[in-house]
Amino acid sequence: MKSVFAKRLFDGDQWLINRTVTFSGNRIVSIEATDLPKCSDMDVVDILAPGFIDVHVNGGGGTLFNHTPTLSALEKIVQIHAQFGTVALMPTLISDDYTIMSQAHDAVCEALEQNMAGILGLHYEGPYLNPVRKGVHNEFQLRQPNEGILATLLDVSHHGKLMVTLAPEQVREGFIEWLVSHNAIVSIGHSAATYEQAIAAVESGARGFTHLFNAMTPLTSREPGVVGAALQTKTATWCGLIADGHHVHPASMRIAIAAKGCEHMMLVTDAIQSVGSNETEMAFLGKKVMRSDGKVTTEDGTLAGSDLDMASAVRNTIFLTGRTPAEALQMASLRPAEFLKIDGQFGRIKDNYRASMVALNNDYRVQKTWIDGHVAWGH
């Protein structure tokens, strides 16, 4: 048994004062109201919250998953992001050829079979995207799906979570339903779809929108576009939001959250290998990218993923949008857990939930991170 005393506990739903959280193995066994402990062998923290879940992370610590789609790369990415409070993530493969996709698939399947801490599954971001909205993706890698080849890359869902970002206007009718039937979570992104096409994709089973506002048709007076479809609330969908102040203007973030509601917004990083690294120039999918002022761009100024971590995303959401700390923490934990349908294990500090938690100081900076009951970062 291990215990942590939290002066303030955010349990995923509400704030509680002076609570001792006890866990055994990878599960929380009790939360009790107690006095500040006098013994020195118990962690005492300012704030204890559910650990962060990142459904869109490409790399960290100098490692980009596309460049090294291996088990050791996954271990490195988890280790790096743990220092920023991330306890579970979806390693994301940017559009690449089927050889690299297969290597990424095999690495993630092996990680899941070994119960590697912090790995939830695999996110294929592409390659079924629209070249008009390709962003930093290499256009020569974008293509229409070959179901025969792709079927061999979908059995990640037998072991963990599988997420596919695609442009609905680029795939055949029925393809989204086919993916959903293979237990894939479909997200719309890098798309030039009309509002009607995006809504049709949602009705076909698409569940999310990848990095809202970025690489998608905007909301305008006569054409609501993909952004308009993302902000509708008739059908439950979740929007990924890169809250770094570069990808989305704070005013746009405030408007989107007000329209959609915090309960269907989730913070994501879209982090590349710069996070947790001191590098200022890096190779990236055959290009050179530069890191400066909290962002990474190609030589022509195109944003190339982000230099964002989840703890910074939480702070930015609080200070740039005016949302409450509880709402920001939920957007980093409970909301992505709901999107991935794992909110019975993650996103709350409750009895029998995973002991994957983050200790924060009163400025919401990470002091310590536990993944499945083990200290992943901090002392």
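Could you provide, to the nearest whole Å², the per residue accessible area of the chain with probe 1.4 Å?
Working: 14510 Å² over 379 residues.
Using a 1.4 Å probe on heavy atoms only, each residue of the chain averages 38 Å².
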(request) Rounded to the nearest 500, what is the 222 nm mean residue ellipticity of the chain from helices alone, with -39500 (n - 2.57) per DSSP H run of 4+ residues and division by all residues? (result) -7000 deg cm²/dmol
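Considering only protein heavy atoms and a probe of 1.4 Å, how much of the accessible area of the chain is carbon and sulfur, as a whole percent? Walk me through the numbers on the way to the answer.
Working: 6820 of 14510 Å².
Its accessible area is 47 percent carbon and sulfur atoms.
Restricting to bridges with both residues inside the stretch 1-69, how much of the DSSP beta-bridge set is antiparallel, in percent to the nearest 5? Kindly include the intermediate steps, with their values, before the conclusion.
On the way: 16 of 21 bridges.
That works out to approximately 75 percent antiparallel.
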(request) Quick one: angle between helix 250-260 and the longest Cα principal axis of the chain, in degrees between 0 and 90, rounded to 10, please. (result) 90
(message) Can you report the principal axis dimensions of the stretch 1-98 using only the alpha carbons, biggest first, rounded to whole angstrom?
(response) 56, 27, 21
(request) Provide THR233, THR269 ordered by accessible surface of protein heavy atoms (probe 1.4 Å), highest first. (result) THR233, THR269
(request) Enter the angle in degrees (range 0 to 90, nearest 10) between the Cα long axis of helix 310-321 and the first principal axis of the Cα atoms of the chain, meaning the one along which they spread out most. (result) 80
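Quick check: with the 1.4 Å probe, what order do ARG19, ARG222 take by accessible area, largest first? Don't skip to the answer; put the middle values down first.
Numbers: ARG19 55, ARG222 215 Å².
From most exposed to least exposed: ARG222, ARG19.
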(message) Could you identify which residue out of SER221, SER356, SER306 has the top mean-square fluctuation in a GNM of the chain using Cα springs shorter than 10 Å?
(response) SER221
(request) Provide the solvent-accessible area of CYS39, counting protein heavy atoms only and rolling a 1.4 Å probe, rounded to the nearest 10 Å². (result) 70
(request) Give the relative contact order (percent, whole number) for the chain; include only Cα pairs under 8 Å separated by 6+ residues. (result) 22
(message) What does DSSP give for the chain in terms of the percent of beta bridges that are antiparallel, rounded to the nearest 5?
(response) 55
(request) Identify all lysines with a Cα-Cα distance to LYS234 below 27 Å; exclude those on the same chain that are fewer than 8 residues away in sequence. (result) LYS161, LYS260, LYS341
(message) Can you tell me what percent of all Cα-Cα pairs in the stretch 96-221 are more than 21 Å apart?
(response) 38
(request) Would you mind telling me which residue in PHE339, PHE209, PHE319 has the biggest mean-square fluctuation in a Gaussian network model of the chain, where springs connect alpha carbons within a distance under 10 angstrom? (result) PHE319
(message) Of CYS239, ALA73, VAL180, which is farthest towards the positive pole of the chain's charge dipole, taken about the Cα centre with +1 and -1 on the beta-carbons of Lys, Arg and Asp, Glu respectively?
(response) CYS239
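The values are calculated or read from the model by the stated rules, or taken from the named source; none is laboratory data. From a predicted model like this one, the values you see are computed outputs, not experimental measurements. Every residue, glycine among them, receives a Cβ derived from its backbone with ideal geometry; neighbour counts consider all protein chains shown. Quick note on the areas: whole protein, heavy atoms, side chains included, nothing else; ligands and nucleic acids left out. Shrake-Rupley method; radii C 1.70, N 1.55, O 1.52, S 1.80 Å.
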